[in-house]
Structures are given as structure tokens and as C-alpha cells.
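To start, the structure itself, in C-alpha cells.
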Amino acid sequence: MDELREYLLKILDKNISETSDGVVLTIRVEEDPRENYLTVENDEVVFKTRDAGDNSRCNSSLVGYLSTSLKIPSSRIDIVHGSRGGYVKRVLIMNTKKEELERKLLRILRLV
């Protein structure tokens, strides 16, 4: 179990950076017709969503999922890159520390 935790933390470390405003999480978006969830693939954090084809719905789904799953108000979550399209998004989570976000992400990541 410790090996898996260390592996996941290594992936998260590659995809999370701290800024003066909070932390930025890099997420790749892919379609999944069944449900929304967060996983890791090929050293990337991946958000699987039913709404990948519609960018505005995808952004809304991503912010809503992160807000609900991480128990962070959606007002503190902002897509700072990729909001107008693209499958790689950089999400700013304001007033949060990297270690706190990593701890929360470890709880919700789905290993498929």
C-alpha cells in the first residue's frame, strides 16, 4: 500500500504546482459515457466525464466535481488554462496548500 501511495504522490507532484494564489492542478480531460471521476494514466491526472464533447459543460462538470469531491467551494476553483477548449486544463485552487490538495486527491482518485 505504501508503494502505491508513493507512486500516486509522485504523479501528483508532477501535476501540481504552488503559486502565490494557491495551487495549480494540471488535468487531462477524456470522455467516459458512464460517469465523472478522477484517475491517473501515464503520469497524468485525468478527469473522465460524460461532457467532454461540450467544452462549457465539461468545464462546469470539472469545477463541480472538484468542488463536491474535495469539499472546496466552487468560488475558489478557476480554470486558468484550457477554459476555451483543449483537453489539458490547468485548474487554480485558491487558498490551498499543495500537501492539503494531495491528501484530498489521494482519497478520491479512482484506480482503474
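Computed from the coordinates by the stated procedures, all read-outs in this text should not be read as laboratory data. What you see is a predicted model; the values in this text were computed from it and never measured. Reconstructed Cβ throughout: ideal geometry from the backbone, glycine too, with neighbour counts over all protein chains shown.
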Counting C-alpha atoms alone, how compact is the chain: give Rg to one decimal and Dmax as a whole number, in angstrom. 13.0, 39
Relative contact order for the chain: what percent, with Cα pairs under 8 Å and sequence separation of 6 or more? 30
With θ set to phi - 60° and the Karplus curve 6.51 cos²θ - 1.76 cosθ + 1.60, what are the ³J(HN,Hα) couplings of segment 38-51 in order, to the nearest whole Hz, using x for Gly and Pro? 10, 9, 10, 8, 6, 6, 10, 8, 10, 9, 8, 9, 6, 9
Furthest towards positive pole of dipole, 25, 61, 9, structure part the chain, Cβ charges: 61
If amide hydrogens are placed 1.01 Å from N in the peptide plane, which non-local residues have theirs closer than 5 Å to the one on residue 52? 32
Binned at 5 Å starting from 0, the alpha-carbon pair-distance distribution of segment 1-48 in whole percents comes out as 5, 19, 24, 21, 17, 11, 3, 0
